[in-house]
Amino acid sequence: MMKLNKVKIVFFDIDGTLLEMGKTEITPNTRKALCSLKQNGIKICIATGRPFATIPMFEGVVFDAILAFNGSFYTVGEQVVAKCPISKEDVKKIIENAKRMERPVSIATEEEIVANGSDKDLEDYFALAHHRVNVSEKFEEYVEKDVFQIMLGCDLEERKYILEGTKNAKVAAWWSRAIDIIPKEGGKGTAIEQVLAHYKFSKEEAIAFGDGENDIDMLLSVGKGIAMGIAADICESVTDDGIYYYLKSQKLINE
């Protein structure tokens, strides 16, 4: 069993974990927990499916590392440590598949998020992060840039077809009506392993909090993976300040 007093780094998903779905601000107790971890010398990191442009900043909280695009692009401090774009061939094939399914797509480059159209599922997906779908006439120009993530409305049945003909892409989903598509070698778990190597920390010195399907590899890549109210290591929901009370119970933060 992992001794939590040896923890040196903690990874947090955003939506449904740090933030209640649809909210823009963390609770006072969650802020207190994050600041207390830092005060105790424990590094805190974001691991999210969100593009960098949609990652919220929380007053008084400075994260040591940010893993965006489900781990396909991440920074440590101000330094970009790794980028893993989707291959151009796969990007174009996915867009072609989506068109056949009559689904618009949104693509995320390092600096911009643009779409070739919109539908209710995609609009509602972006609304969860309080953003709007940006339909751009220059969409085809952005397709030629490095694309780190593709987002589109997609149900479980449609997931069977969206990757047809691709060679190095996979679905990373955390919501029932839409998906993210990332490089096959990407994922939060892979990025976390690289961050641990960067800091020279062992797996046993890391814990992670998550709640979605795209958090599974993250929770398995650390010594202790804590699911928000949905698994064996149950932490109360974000609305119940689950992170704060769990960390407090493990004596990782101050009273």
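The values are calculated or read from the model by the stated rules, or taken from the named source; none is laboratory data. Since this is a predicted model, take the numbers as computed values, not measurements. Here the Cβ is made from the backbone with ideal geometry for all residues, glycine too, and neighbour counts use every protein chain on show.
List of remarks:
- Count of residues meeting criterion [without any contact (Cβ under 8 Å) to a residue 60 or more places away in the chain and of a type outside the set (A, V, I, L, M, F, W, C)] in segment 4-31: 4
- Identity of the residue in segment 150-159, hydrophobic (A, V, I, L, M, F, W, C) and part of a loop (DSSP other than H, G, I, E, B), that ends up modelled with the lowest pLDDT: LEU156
So that you can scan it fast, the table gives a plain yes or no per residue for (1) outside any strand (DSSP E or B); (2) crowded, with 18+ Cβ neighbours inside 10 Å; (3) assigned by TED's automatic domain parsing to the domain that holds VAL105:
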position	(1), (2), (3)
ALA191	yes, yes, no
VAL195	yes, yes, no
HIS198	yes, no, no
GLU204	yes, no, no
ALA208	no, yes, no
ASP215	yes, yes, no
VAL222	yes, yes, no
GLY225	no, yes, no
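- Test: VAL171 is at pLDDT below 95, more than 26 Å from THR30 (Cα to Cα), touching a helix residue (DSSP H, G or I) at 6+ places or on another chain (Cβ under 9 Å) and among the hydrophobic types (A, V, I, L, M, F, W, C): yes
- Among the residues of segment 160-178, those that are more than 17 Å from ARG100 (Cα to Cα) and either in a strand (DSSP E or B) or in the same structural domain as SER72 (by TED's automatic domain parsing) (or both) comprise ALA169, LYS170, VAL171, ALA172, ALA173, TRP174, TRP175.
- Residue that is surrounded by the fewest Cβ atoms within 10 Å (Cβ to Cβ) [pool: residues in segment 32-55 that are over 15 Å from PHE209 (Cβ atoms) and free of Cβ contacts under 8 Å to residues at least 60 places away in the same chain]: GLY41
- Residues (in contact with a Gly (Cβ under 9 Å, 6 or more places away or on another chain) and modelled with pLDDT of 95 or more) located in segment 125-138: VAL133, VAL135
- Among residues of segment 176-194 being of a type outside the set (Val, Ile, Thr) and within 12 Å of the chain's Cα centre (by Cα), the one that is nearest to CYS154 (Cα to Cα) is ASP180.
- The set of residues from segment 118-130 being surrounded by fewer than 16 Cβ atoms within 10 Å (Cβ to Cβ) and not acidic (Asp, Glu) comprises LYS120, ALA127, HIS130.
- Matching entry among PHE58, PHE69 (being touching a strand residue (DSSP E or B) at 6+ places or on another chain (Cβ under 8 Å), closer than 20 Å to ASP215 by Cβ and of a type in the set (Phe, Trp, Tyr)): PHE69
- Subset of segment 66-81 [crowded, with 23+ Cβ neighbours inside 10 Å and closer than 20 Å to ILE26 by Cβ]: LEU67, ALA68
- Residue selected from segment 1-54 under the condition over 15 Å from ILE66 (Cβ atoms) and of a type in the set (Asp, Glu), by the criterion modelled with the lowest pLDDT: GLU20
- Tally, over segment 36-52, of residues that are under 14 Å from the mean Cα position of the chain (by Cα) and either among the polar types (S, T, N, Q) or closer than 11 Å to GLN149 by Cβ (or both): 5
One line per residue, one yes/no per condition, for (1) without any contact (Cβ under 8 Å) to a residue 40 or more places away in the chain; (2) at negative phi; (3) outside the structural domain of GLU158 (by TED's automatic domain parsing):
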position	(1), (2), (3)
VAL61	yes, yes, yes
GLY71	no, no, yes
GLN79	yes, yes, yes
LYS93	no, yes, no
LEU122	no, yes, no
ALA127	no, yes, no
HIS130	no, no, no
VAL133	yes, yes, no
